[in-house]
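In what follows, a structure is listed as structure tokens, so that the remarks can point back to it.
The values are calculated or read from the model by the stated rules, or taken from the named source; none is laboratory data. Bear in mind that the values here come from a model prediction, so they are computed numbers and not experimental data. Here Cβ is always computed from backbone atoms with ideal geometry, including for glycine, and neighbour counts include all displayed protein chains.
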Amino acid sequence: MAALAMGAGLLCGACGEDRTYQFVEKTERCQWIYDIMTEWYLWADEMPKPSDAQFFGDPETFFKKLIVSKDKYSYMEKKGDAEEGATRAINLTSSYGIDFALYVDPVTQSQSSPERVARVLYVLPGSPADVAGVKRGQWITGIGDASLTTENYFGLINGPATTLVTSELNYSNPDSLYWQAGKTLSLAPSRHMEDNPFYVDTVYQVHGRRVAYLMYNRFSTGPDDTGNETQYNTQMRSIFQRFKAQEPTDFILDLRYNPGGYLTCAQVLASLMAPAEAMGKIFCKLEYRDTEDFHRGEVFLFDEKLTAGAGLGLSRVYIITSSLTASASESIINGLIPFLGKENVILVGSRTEGKNVASLTFNSPYDYILHPIVATVYNGNGESDYANGFEPTVPVDELMSIAPFYPLGDVRELMLNTTLSTILVNAKKEETRTSSFPIIRLPAPETTSISLQPVVEM
């Protein structure tokens, strides 16, 4: 504040008194932002220096002007807004319980003004959407009395009682798609929903293999996601205890809808998955900006104590990914590679987001919260080379498929089916290295791919 205070004092110098204090109330919000960013922002040395006049402006505008061009992730939100509104359609404060992807209408996409449509990815059990009969894979073409647009699609997240218009896409001829009348569904008002991240956990018996499967949608500590809760880490250990009791031959971790969260949760999950030789070694390391005054760093270790004896000690993992897989999800992939090798961290899906940086949350004494990027994430080998995302070992993209979506956890579901088939292929290769025995495959799900155009990936 010193430079700004000096400038304000000079303005009143001719009056014979220092009236700097009169400007504190008008500048303190932006000054607080600037102080946090100067101390913590990863690219503070490259941050534009604001003029004195800018401290009198709107805090949100002020913050945006500080962000460097290569930073895709720092953001600011007002208190009370959706905690994860920038990355997920599920709003922890108030929600209809729908997670979805928004597309350009595949029927009208060649027109000059194509429509917008949303596709349901999953529905929270017991939510207003669940009660209304919203199902995974449904196409939503309207909300209330209006067609879906880039201006009103946020109305699918939360709000008052409303209706959703669903339609069925006829794709019998991919060159001549058209919509068939679907249903109009009545939604009750949105409400607080517990978004339990453990969406599916089960063990499949497939051609002599016992395959443990966990769909994990968010690195959260508990229902309120405060960072200090223990409920979900306890639940995670319980799930792995059930897995371990069935002596699985293979493990699938489904992170296709997981945008990240707390690294402390990632540390527990990684420890439950990692081989014994990884224990006590680096899972991930955060490197903060060096300054003349201090060097900040933080290390997360694979820790057997975090597993409560439920660790699987895996030598190979299968991870389902998508463009929505980000941050702490990617730290799991990166952290396991030094101990399993890239060839044994098998990614099935599409390229991940590429968020190899970490943020901190700063609650201001005012009406907003800052989430600046403060560190780069490395694994035990000192590697952080996934800014462009991790490429899949087995490419398959459900977000670009117009075929029916089976329920999550159903072995016919595209991503799970592909992963199970990959496991069987690898198992057969290991059993019959030099033989010509046929490879056993699962019945493949129906798939049809066209050139879908995602608008907003939630």
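Values as computed for the structure displayed
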| quantity | calculated |
| --- | --- |
| Residue count for the stretch 380-414, restricted to those that are under 17 Å from the mean Cα position of the chain (by Cα), surrounded by fewer than 18 Cβ atoms within 10 Å (Cβ to Cβ) and at pLDDT 95 or above | 3 |
| Condition check for PRO174: farther than 29 Å from ASN158 by Cα and either surrounded by fewer than 16 Cβ atoms within 10 Å (Cβ to Cβ) or within 17 Å of the chain's Cα centre (by Cα) (or both) | yes |
| Flag if ILE337 is at pLDDT 95 or above, assigned to a helix (DSSP H, G or I) and under 14 Å from the mean Cα position of the chain (by Cα) | no |
| Close pairs (6 angstrom Cβ cut-off, 6 or more residues apart or separate chains): farther than 16 Å from THR419 by Cα and touching a residue at least 24 places away in the same chain (Cβ under 8 Å) in the stretch 199-220, part of a strand (DSSP E or B) and of a type in the set (A, V, I, L, M, F, W, C) anywhere | TYR199/MET215 |
| Of residues in the stretch 125-136 being in contact with a strand residue (DSSP E or B) (Cβ under 7 Å, 6 or more places away or on another chain) and in a loop (DSSP other than H, G, I, E, B), the one farthest from LEU148 (Cα to Cα) | SER127 |
| Top-ranked residue of the stretch 132-152 - restricted to ones that are closer than 24 Å to LEU408 by Cα and not polar (S, T, N, Q), ranked as surrounded by the fewest Cβ atoms within 10 Å (Cβ to Cβ) | GLY133 |
| For ASN217: the one exception among (1) closer than 18 Å to ILE319 by Cβ; (2) assigned by TED's automatic domain parsing to the domain that holds VAL165 | (2) |
| Only one of LEU314, LEU301 that is surrounded by 15 or more Cβ atoms within 10 Å (Cβ to Cβ), without any contact (Cβ under 8 Å) to a residue 60 or more places away in the chain and either in contact with a Cys (Cβ under 9 Å, 6 or more places away or on another chain) or not acidic (Asp, Glu) (or both) | LEU301 |
| Number of the exception - MET193 against (1) assigned by TED's automatic domain parsing to the domain that holds ASP250; (2) touching a residue at least 40 places away in the same chain (Cβ under 8 Å); (3) assigned to a loop (DSSP other than H, G, I, E, B) | (1) |
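Every residue, every condition in (1) in a strand (DSSP E or B); (2) on the phi < 0 side of the Ramachandran plot; (3) in the same structural domain as PRO392 (by TED's automatic domain parsing), yes or no:
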position	(1), (2), (3)
THR202	yes, yes, yes
ASP225	no, no, yes
GLU229	no, yes, yes
PHE240	no, yes, yes
LYS244	no, yes, yes
PHE251	yes, yes, yes
ARG256	no, yes, yes
THR264	no, yes, yes
GLN267	no, yes, yes
